[in-house]
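The values are calculated or read from the model by the stated rules, or taken from the named source; none is laboratory data. Being a predicted model, the structure only gives us computed values, none of them experimental. Using ideal geometry, Cβ is built from the backbone for each residue, glycine included, and neighbour counts are taken over all protein chains shown. These area figures cover heavy atoms from the full protein model, side chains too; ligands, DNA and RNA do not enter into them. Shrake-Rupley method; radii C 1.70, N 1.55, O 1.52, S 1.80 Å.
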Protein chains: 2
Amino acid sequence: MITLRKKVYGCAPAHTIYLGPGRKEFHPKKPRPGIEHYIFEAGRASVAQVSNPDAIDQGVIGNFMASRFNRQGHLAAFLPAVHESLHHKPCTRVEGACGSGGLAVSTAVNAILADLADAVLVIGVEVQNTVKAMYGADILAGAGHYSRERKNGHAFFFPNCFSIRAGAYYDKYGRERTRRAMAEWYALAIENARRNPNAQEHHNRDPNPRATGMTEPNAKAFLEHISVFDCSKVTDGASALILASEEGLKKLGVPLDRSARIVGVGHCEGDLTKDPADLTRQDTTAASAAAALGMAGISASELGLLETHDCFTISGLLSLEAVGLAEPGKAPDYVLDGRTRIDGECPTNATGGLIGFGHPTGCTGVRQVADLIQQLTGRAGDCQVKFPTGKPYAMSMNMGGNDKTVLSFVMAAD
Amino acid sequence: MITLRKKVYGCAPAHTIYLGPGRKEFHPKKPRPGIEHYIFEAGRASVAQVSNPDAIDQGVIGNFMASRFNRQGHLAAFLPAVHESLHHKPCTRVEGACGSGGLAVSTAVNAILADLADAVLVIGVEVQNTVKAMYGADILAGAGHYSRERKNGHAFFFPNCFSIRAGAYYDKYGRERTRRAMAEWYALAIENARRNPNAQEHHNRDPNPRATGMTEPNAKAFLEHISVFDCSKVTDGASALILASEEGLKKLGVPLDRSARIVGVGHCEGDLTKDPADLTRQDTTAASAAAALGMAGISASELGLLETHDCFTISGLLSLEAVGLAEPGKAPDYVLDGRTRIDGECPTNATGGLIGFGHPTGCTGVRQVADLIQQLTGRAGDCQVKFPTGKPYAMSMNMGGNDKTVLSFVMAAD
């Protein structure tokens, strides 16, 4: 069993507004801030929460496709401009498709465990409303095995991958109840996002999101097994946090009760050259969740909060089974029984998740861990979850590609 | 002073042929292998050098712009296809422009120091002959601050950045001797590459490379202060190696004398939003070299080999001053006095460097460290350097952007 050789804490969580279709501030034809703006806004909002920013030893930034959405690589070299403490310090950009944010967190954990840093600034960012959705979908297809899968594939590559998974799930476990659970997933995402002022769907006023979620898939207009309401939207956003050792927290001037501890990490990679063995399972996600829970020494039943990767409603359902909250085929029941509600057995995606909060692809894993810190320190505002007795743990799961790069983190108040 | 908390060794160095204009095998209009081919060829050639590949715990891959050159992101998900030992293990892609390879090495060092891995496969790769040079130059401009610097900049963005640096150096220290030193740098690169069967310039038969190197810059045809012979070419290639703890070497079945130890790491980031303070200095490079030498507890005069980042002849010269081998303004003398020759005071770029071996951008830092391992274990073939008494150390310096992300490693036989 792999363990963490020293204590690692997260603090100073920050988010920009998650901008895109649905937000009042968003206008598709008006100029919008560049990617640097997002990096600086989230990063500086995080740094502003510590008394002594000079204690920051390193920086890590997670991003998926700024090289194409913004023609900008080399994002780590923006970190010394976030705060001068990072001038000539080690800074690293990591990428693992939509798992890039989780990868940024794990890379920062490693730097602390390596005794090379006591405090690491972690930023996730993606600004992808720079191109039309159809072109964006082709860019994001770079998370698949492009030369093998994309050539004859669907224009909306990833939505189609998960439409196929949804179809397989309907065939194996029944369509009607699954569709209702997907609609419920959508509705909870919107309802939670309405309580979150930073969320892309914060302004959503749909009087009946459950009915909207039941919109019939239309193969001619979009995809065979899912509708647009089963998909996360296109989002511009950044999130940030600081990871620190015990010594690092002291140097930063952050009290222990403003931080949460990382007690489990699961980082698993699947083979991009292979198709999923079973379309109704997310095997790499399951391995990652098992690794994180195992390191924490807990079972899924002890989770008082889950932030999971619902790039699509079906991946939300599959992730509940992967983490072990529901048996195979039973995730629809778990959702329809209300267990993922903010006051349910295991509150899930309390700030809206990828569908409600938004999904700036390479940022999401940082957003999730920042959310866990906010929740575990009681600073989640109207999205605050009450951790039930005996369930003091929160977990995030962040997935890149079609179940290929998966990062899970278990956290708790120390 | 930061130190490495445990011993980290490099072993199993491997390179593909570095393909591009100049190699006999290269034809601009014939189909060439895709990026996966390079990853698999280098990675498997490395893995084949260890007795027990199942001991590999993690993988790291460095790449700059596959997202644009190859429309392929998510490269870490190819690592489980290199060898099945990496199935569901942690795999990470890092990017720091042309410093991506060095970043991959440092990220792997961290995983070992963190006690999360005993052996890490490290691959660097770039396949960039997929587009015309002019478009490629625009892609690589993503290593600069694109929205600020590129808009009104030169089509050949980075060559122009270093042409400007060369002009400033001529003005301050004299043009004639500097141009002669740049030509000598070019000639040594070609001569060393001819001894290296994997090098892009291996087939170069120019009878007088010193004269070629003196080609006058032509501002109308290319740039004001440098000619095409002052520039590294466009290269497709991959290199690989394995980093391991002492325990890891045993588990891999690699004897100590087939490995070299990393005794110094310097990783420094400069601010992408700022222009160089002094065009005749590479400050971030100097900081990185000082950090690596400091951690190793040695001075530059103890280096028996330097693999440095000569993306341009002028950056080669500037790096000699940054590392402290020559005083400011004295690098031309250092080179013209023969001190960088393979039998000189500090053999430099013994396998050809970026100009001779080739410069697959995001791969180069891995190539350099793989070269150090080959040299320190006496397996560098016709490029083998004899380490003089009292100079048992080898150093690599890998630079991303215009002196922004710099990784230096000092290594020695243990």
Heads up, segment A:124-202 by the C-alpha gyration tensor (a ≥ b ≥ c square roots of eigenvalues; a/c under 1.5 rounded, else a/b over b/c prolate, else oblate) looks oblate
Could you state the number of Å between the C-alpha centres of segment A:253-303 and segment A:104-151? 18 Å
Could you give the angle, 0 to 90 degrees to the nearest 10, between helix B:35-47's Cα long axis and the longest principal axis of the Cα atoms of chain B? 50 degrees
What does the charge count near A:LYS132 come to, summing +1 for each Lys or Arg and -1 for each Asp or Glu among other residues with Cβ under 15 Å from its Cβ? +2
Taking a probe of 1.4 Å and leaving out DNA, RNA and ligands, the protein assembly as shown shows per residue an accessible area in Å² of 32 Å²
Antiparallel %, DSSP beta bridges [both residues in the protein assembly as shown], to 5: 70 percent
Where in segment B:88-121 does accessible area fall by at least 50 Å² between the isolated chain and the complete protein assembly, at a 1.4 Å probe radius? B:HIS88, B:ARG93, B:GLU95, B:ASN110, B:ALA114, B:LEU116
For segment B:222-237 and segment B:29-70, write down the distance between their C-alpha centroids in whole Å. 26 Å
Using the Cα centre of the protein assembly as shown as origin and beta-carbon charges of +1 (Lys, Arg) and -1 (Asp, Glu), tell me which of A:ALA108, B:ALA412, B:LEU19 is placed farthest towards the positive end of the dipole. B:LEU19
With label points set 7 Å from each Cα along the Cα-to-Cβ direction at A:ASP382 and A:ASP343, the distance between them in nm comes to 1.6 nm
Name the residues of segment B:56-86 whose accessible area falls by at least 20 Å² when all protein chains are present instead of the chain alone, probe 1.4 Å? B:MET65, B:SER67, B:ARG68, B:ARG71, B:GLN72, B:GLY73, B:HIS74, B:ALA77, B:PHE78, B:PRO80, B:ALA81
Radius of gyration and Dmax for chain A's Cα atoms, expressed in Å? 19.5, 59
FRET efficiency for A:ARG177 and B:HIS37, Cβ-Cβ distance as r, R0 = 30 Å, nearest 0.05? 0.05
Angle, helix B:100-113 long axis vs. longest principal axis of chain B, Cα atoms, 0 to 90°, nearest 10? 30 degrees
In the neighbourhood of A:ARG148 defined by beta carbon distances under 11 Å, the net charge of the other residues (Lys, Arg +1; Asp, Glu -1) is 0
From the protein chains alone at 1.4 Å, what is the descending order of accessible area for B:LEU256, B:LEU113, largest first? B:LEU256, B:LEU113
Accessible-area ranking of A:ARG205, B:ARG150, B:ARG44, A:ARG165, largest first, probe 1.4 Å: A:ARG205, B:ARG44, B:ARG150, A:ARG165
Where the accessible area of segment A:100-183 is counted over protein heavy atoms with a 1.4 Å probe, how much of it, in %, is carbon and sulfur? 56 percent
To make sure I understand the rule: partners must be lysines, Cα under 23 Å from the Cα of B:LYS274, and not fewer than 8 residues away in the same chain. Which ones qualify? A:LYS89, B:LYS151, B:LYS172, B:LYS404
Which whole-Hz couplings ³J(HN,Hα) result when phi for each residue of segment B:374-390 is put into the Karplus expression 6.51 cos²θ - 1.76 cosθ + 1.60, θ = phi - 60°, listed in order with x for Gly and Pro? 4, 5, 6, 9, x, 10, 9, x, 5, 9, 4, 9, 8, 6, x, 3, x
Calculate how steeply helix B:157-173 sits against the longest principal axis of the alpha-carbon atoms of chain B, using the helix alpha-carbon long axis, and give the answer as 0 to 90 degrees to the nearest 10. 60 degrees
Shielding of A:130-143 by other chains, given as the mean Cβ count within 10 Å, works out to 2
The simple spin-label model distance between A:ASP54 and A:VAL131, using points 7 Å out along Cα→Cβ, in nm, is 4.4 nm
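From the C-alpha coordinates alone, can you work out the Kirkwood hydrodynamic radius of segment A:316-377, in Å? Each step should come with its number before you reach the end.
Numbers: mean 1/r = 0.0801 Å⁻¹.
Kirkwood hydrodynamic radius for segment A:316-377: 12.5 Å.
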Please compute how much accessible surface disappears when A pairs with B, both sides summed, using a 1.4 Å probe, and round it to the nearest 100 Å². 4600 Å²
Calculated P(r) tail over 39 Å for the protein assembly as shown, as whole % of Cα pairs: 34 percent
Residues of segment B:265-281 losing 10 Å² or more of accessible area relative to the isolated chain, 1.4 Å probe, heavy atoms only? B:HIS267, B:CYS268, B:GLU269, B:GLY270, B:ASP271, B:LEU272, B:THR273
The ³J(HN,Hα) series, computed from each phi in segment B:217-232 with the Karplus coefficients 6.51, -1.76 and 1.60 at θ = phi - 60°, rounded to the nearest Hz and given as x for glycine or proline, is x, 9, 4, 6, 7, 8, 9, 6, 10, 9, 9, 4, 6, 8, 10, 5
At 7 Å along the Cα-to-beta-carbon direction for both B:ARG5 and B:LEU256, put a label point, then send me their distance in nm to one decimal. 2.4 nm
For segment B:279-413, percent of DSSP beta bridges that are antiparallel (nearest 5) comes out at 60 percent
